[in-house]
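A single structure is presented below for examination.
The values are calculated or read from the model by the stated rules, or taken from the named source; none is laboratory data. These numbers were taken from a predicted model, which means no experiment stands behind them. Please note: Cβ atoms are built from the backbone with ideal geometry, for glycine as well, and neighbour counts cover all protein chains shown. These area figures cover heavy atoms from the full protein model, side chains too; ligands, DNA and RNA do not enter into them. Shrake-Rupley method; radii C 1.70, N 1.55, O 1.52, S 1.80 Å.
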Amino acid sequence: MTTTRTDTGRTNQKKRTRTAIVQAARELIETGGEVTMPEIARAALVSEATAYRYFPDLPSLISEALAGVWPAPAEALAPVAHSTDPVERVAFACEFLLRGILARQGSVRAMISATITQPKTASARPGIRFALIDHALAPLEATVGATDPEAFAQLKRDLAVVVSAEALFTLTDLCGLAPQAAVASAVRTATTLTEAAVRATS
């Protein structure tokens, strides 16, 4: 079957439209403001119906727009790469993640909201926190991870609760903390958990 010029043109147009939607989403995300499908469609100069034809829901679009925006864990934690102190590394990872969330909080809030009402879309959420926690705790792999794997796994679960957007928004929205104070509070909790786990297994 021969591909016609019309088919090629249509394919290229679809690619351009998809790219425009993703780019519009990325630019909106970087403002830190509210991120909605209607706003993205408007910025991409397409109808909301068209946007939904390319992306079935907001989480899938946000996920694609964020692809490559967050650095790899090793790059993110490069300033503490020399450190073998898990407490220092966890503190840095926690602050790095939460400051990144604050900068893109409109999209993060939209993602959380969508995945609460539609749990099946939760897999679209970037698992950034888990990769950062794993990398931050790498110095413990050969010690705690080897001697008490369950305690090590529990530490990771505990940190996943604290090193998170949900924790940050609880501190800002419900506890009334200013963003920077909220970040500092979460970092203190994350380091306290890590210190306690290290002491308990040493």
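Just to verify a result, which residue in the stretch 48-62, among those that are surrounded by fewer than 19 Cβ atoms within 10 Å (Cβ to Cβ) and small (Gly, Ala, Ser), is modelled with the highest pLDDT?
Top of the filtered list is ALA49.
What number of residues within the stretch 115-126 are at pLDDT below 80 and within 14 Å of the chain's Cα centre (by Cα)?
Of the residues in the stretch 115-126, 5 are at pLDDT below 80 and within 14 Å of the chain's Cα centre (by Cα).
Looking only at the stretch 146-202, which residues are among the polar types (S, T, N, Q) and either part of a helix (DSSP H, G or I) or over 19 Å from GLN105 (Cβ atoms) (or both)?
Correct list: THR147, GLN154, THR170, THR172, GLN180, SER185, THR189, THR191, THR192, THR194, THR201, SER202.
Let me ask something else. Which ones in the stretch 31-47 are open to solvent by less than 90 Å² (accessible area, probe 1.4 Å) and either at pLDDT below 90 or of a type in the set (Phe, Trp, Tyr) (or both)?
Within the stretch 31-47, GLY32, GLY33, VAL35 qualify.
Related question: Determine which single condition PRO79 fails, assuming it passes every other condition in (1) part of a helix (DSSP H, G or I); (2) surrounded by 15 or more Cβ atoms within 10 Å (Cβ to Cβ).
With (1) part of a helix (DSSP H, G or I); (2) surrounded by 15 or more Cβ atoms within 10 Å (Cβ to Cβ) applied to PRO79, the lone miss is (2).
Same structure again: Exactly one of these conditions fails for PRO119: (1) surrounded by 14 or more Cβ atoms within 10 Å (Cβ to Cβ); (2) closer than 27 Å to ALA65 by Cα. Give me its number.
Only one criterion in (1) surrounded by 14 or more Cβ atoms within 10 Å (Cβ to Cβ); (2) closer than 27 Å to ALA65 by Cα is unmet by PRO119, namely (1).
Kindly indicate which of ILE112, ILE133 is within 18 Å of the chain's Cα centre (by Cα) and buried (at least 20 other Cβ atoms within 10 Å of the Cβ).
Unique residue meeting the criteria: ILE133.
Quick check: anything in the stretch 1-14 among the β-branched types (Val, Ile, Thr), modelled with pLDDT of 90 or more, part of a loop (DSSP other than H, G, I, E, B) and open to solvent by less than 80 Å² (accessible area, probe 1.4 Å)?
The answer is no, given that none of the residues of the stretch 1-14 is among the β-branched types (Val, Ile, Thr), modelled with pLDDT of 90 or more, part of a loop (DSSP other than H, G, I, E, B) and open to solvent by less than 80 Å² (accessible area, probe 1.4 Å).
Within the stretch 162-193, track down each residue that is under 17 Å from ARG89 (Cα atoms), β-branched (Val, Ile, Thr) and either open to solvent by 30 Å² or more (accessible area, probe 1.4 Å) or at pLDDT below 95 (or both).
THR189, THR192
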